[in-house]
Structures are given as structure tokens and as C-alpha cells.
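The values are calculated or read from the model by the stated rules, or taken from the named source; none is laboratory data. From a predicted model like this one, the values you see are computed outputs, not experimental measurements. Here the Cβ positions follow ideal geometry from the backbone for every residue, glycine too, while neighbour counts run over all protein chains shown. We work out accessible area using only protein heavy atoms, side chains counted, and drop any ligands, DNA or RNA first. Shrake-Rupley method; radii C 1.70, N 1.55, O 1.52, S 1.80 Å.
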Amino acid sequence: MPNPTTPDSSAGPFRAVLFDFGGVILTSPFEAFETYEADNGLPDGLIRTINSTNPDDNAWAKFERNDVDVAGFAELFEAEAAERGHTVDGRKILELIHGDIRPEMVEGLNRVKAAGFRTACLTNNFRSWQESPDDVREVIGLFDHVIESSVVGVRKPEVRFYEIALETVGVEAADAVFLDDLGINLKPAKAMGMTTIKVTSGPQALADLGAVIGLELA
């Protein structure tokens, strides 16, 4: 079985590069989750476990599809934690998801665009990117297209989300490379015919992407 962090370079040529935002262009929120758990005497990995349980219909999924507001998410998430015997602050959890911009990834995105590839940001979010801080809006504005779960009403890893992305960008699955930090989000994209790259760090992602599309990015 191939290493999940190694891109499949057998496909091509490519016309588009699709990027997740949090965990790819931004640093991962998982470190912030771990700090919150440690500071509050919670088991390691509790937040990620809650988020991955009933992933199509839990509090996080409903929030990213814009089915519930902040108050609704907090209530549902806190109830999911309580079912496991723990107390969390649902609103605080939302504050933890904002990572820092990876400047090397922004430079990589710019090089991809300059080489003529179509680009898109594929993000599970709970508010429009236009409500984000100025530096985040500036980076997201670099993409040719932005596909947001809170806007389209479906989310990764739902197949319809990827179909909408491909339709929006105007390419077939085989024409696209998709980068995400979560394997669960990459699996359906790969099944549809996209070449996928699992991101563990900025330098690794750029090296893998550069190898696939034939650009010096790292």
C-alpha cells in the first residue's frame, strides 16, 4: 500500500491545484486542541475524537453546513462531550481553530498561479471568508475560486462538495491535484480521480506538489 503522504504522480497533465485552507495554507488547529485539553484536564485527543464521531451529522458537520449557528453548535458540541463524561466550552473550541498563515504556502500558491494553473480553496467553514481577519482575506483572495461548505451547504468529505468544486473550476477530476491535511477528505477526491497529497507540513506539501506538477516550489 502506498504511503498516504506520497502523491500519486502517475496521473497528468494537470490544469488545476485545489487547496484546503486550515491545516494547509494555515497551520493545523490540532496543536491548539491539545493545549486546551491539557490545560483543562481532558483526555488527549478528545476534541478530535468528538469531531470524528458521527462525522456526517455531528455538531461540527451541522455547523460547517450552516445548519446551526454558534449557539447551536456550542450546545450540541457540549452535549457530545458530556456523553463522554467531560465538560468543554463549545464557544472556546471555535476560537481554537484559527491557525497562522504559512508564508511558504502562500509563495507556493503564487508560483502555481504564475505557471498558469487554475486554483481553488476548498474549505469547510462556518462563516464566509469575507468575515475573516484582513491577512486571511488577503490570502484567500489570491485563489481563482473559493468553495465554502457554509455557502454551498455540503462539506468535505461529501462527494457533492468536490463535484461543485470541479464544476466551479471547470475541470475534470483527473485534471486536478488536491491538498488536504485530513485523509478522510482526500479519500473521496482520490476515488473520483483526483491526484491527492496529504499535508503534514508546508515544506513537505510543496515538495510533493512540485514533484507532481513539475514546478520548483520547495
As a test of understanding, state the convex hull volume per residue of the range 77-218 from its alpha carbons, in Å³.
127
Please work out the average accessible area per residue across the chain, using the 1.4 Å probe convention, and give it in Å².
47
Normalised by the number of residues in the range 39-93, what is the relative contact order in percent for Cα pairs under 8 Å and 6+ residues apart?
27
Show 171, 152 ordered by accessible area, largest first, where the area counts protein heavy atoms only and the probe is 1.4 Å.
152, 171
Taking springs between alpha-carbon atoms closer than 10 angstrom, which of 150, 28, 52 fluctuates most in the Gaussian network model of the chain?
52
Each label sits 7 Å from Cα toward the beta-carbon; between residue 211 and residue 100 the label points are separated, in nm, by 2.7
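State the extension gain, in nm to one decimal, for the chain segment bounded by residue 190 and residue 145, taking 0.36 nm per residue of separation less the distance between their alpha-carbons.
Between residue 190 and residue 145, full extension yields an extra 14.2 nm.
Determine the share of the range 143-200's accessible area contributed by carbon and sulfur atoms, expressed in whole percent, with a 1.4 angstrom probe.
Ligands and nucleic acids excluded, carbon and sulfur reach 52 percent.
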If R₀ is 41 angstrom, what is the calculated FRET efficiency for the pair residue 160 and residue 38, using the beta carbon separation as r and rounding to 0.05?
0.65
For the chain, modelled as a GNM with alpha-carbon contacts under 10 angstrom, which of 141, 193, 85 fluctuates the most?
85
Compactness check, the range 5-127: C-alpha Rg relative to the 2.2 N^0.38 Å globular estimate gives 1.27
Starting from the 7 Å offset along Cα-to-Cβ, what nm value, one decimal, do you get for the label separation of residue 201 and residue 168?
3.1
Over the chain, relative contact order from alpha-carbon pairs under 8 Å, at least 6 apart, %
30
Candidates 99, 22, 116; GNM for the chain (alpha-carbon contacts under 10 Å) flags as most fluctuating 116
